[in-house]
1. Between 96, 129, 148, find the one with the highest GNM mean-square fluctuation for the chain; connect C-alpha pairs within less than 10 Å.
2. Under a point spin-label approximation (7 Å from Cα along Cα-to-Cβ), what is the residue 238-residue 224 distance to one decimal in nm?
3. Give the relative contact order (percent, whole number) for the chain; include only Cα pairs under 8 Å separated by 6+ residues.
4. Please determine, in degrees from 0 to 90 and to the nearest 10, the orientation of helix 3-24 with respect to the longest principal axis defined by the Cα atoms of the chain, where the helix direction is its Cα long axis.
5. Return the distance in nm (one decimal) between the two label points of a simple spin-label model at residue 209 and residue 56, each offset 7 Å from Cα along Cα→Cβ.
6. Identify which of 126, 74, 197 has the largest mean-square fluctuation in a Gaussian network model of the chain, with springs joining Cα atoms closer than 10 Å.
7. How large is the translational diffusion coefficient of region 118-199 in µm² per second when you combine the Kirkwood radius over alpha carbon pairs with Stokes-Einstein at 20 °C and 1.002 mPa s?
8. Compute log10 of I(q)/I(0) for the chain with the Debye formula, placing one identical point scatterer on every Cα and leaving out solvent, at q = 0.11, 0.17 Å⁻¹, to two decimals.
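Here, each number is a calculation from the coordinates, and none is a lab measurement. For clarity, every value in this text was computed on a predicted model and none was experimentally measured. Heads up, the Cβs are rebuilt from the backbone with ideal geometry, glycines too, and the neighbour counts pull from every protein chain shown.
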């Protein structure tokens, strides 16, 4: 191979390696429009969820497969709210004793949870919101600002979101649903074509058997890597 051809090959390999994480961060989930707001439910076969697109959390934070814990996420949107459904297979649950579901639970991330990280700011991607729910229906929401040394302090923010959860112990699956006021996320009105920056995460199991499961792997030992987020698009009505 001549020298200039070899140089072109090296340039191409370098370009592909540099673009790979950028492309990975552009994975898209479409949120299906619904005309009216409805009570939350956790039944994947219900009218709310049956037509929604699915994406899956199936890798650890460094992109390695996590067999047995492939977790489904679906989304819907209305003029007022954004909805999410999680379908989470489990082997052993790690549940907080004496759960409280009428007030938020700070540091809920130390237990089994499903999480949404979502932001509308494409200029300052280090600002976004975090929403968590547990198999027992506990919840916490956070206003994340990674410019601050201790962004966990954002838990005092309240979005007014709602959650619902249930555990199917016979089949070792738990289900969780969120209903998030769109105005808590985005200064724009909800409209078809709007895009948001998003990632989904799940913590599963106790102690040494704990698994961290992701949609778009952050490639780090923390979920808080906004450069690795994907996109959520509000789909047009049929």
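1. 148
2. Placing both labels 7 Å along Cα→Cβ, they lie 4.2 nm apart.
3. 26 percent
4. That works out to roughly 10 degrees.
5. With each label point 7 Å from Cα toward Cβ, the separation is 2.3 nm.
6. Checking each option, the largest mean-square fluctuation is seen for 126.
7. In µm²/s, the coefficient rounds to 151.
8. -0.56, -1.31
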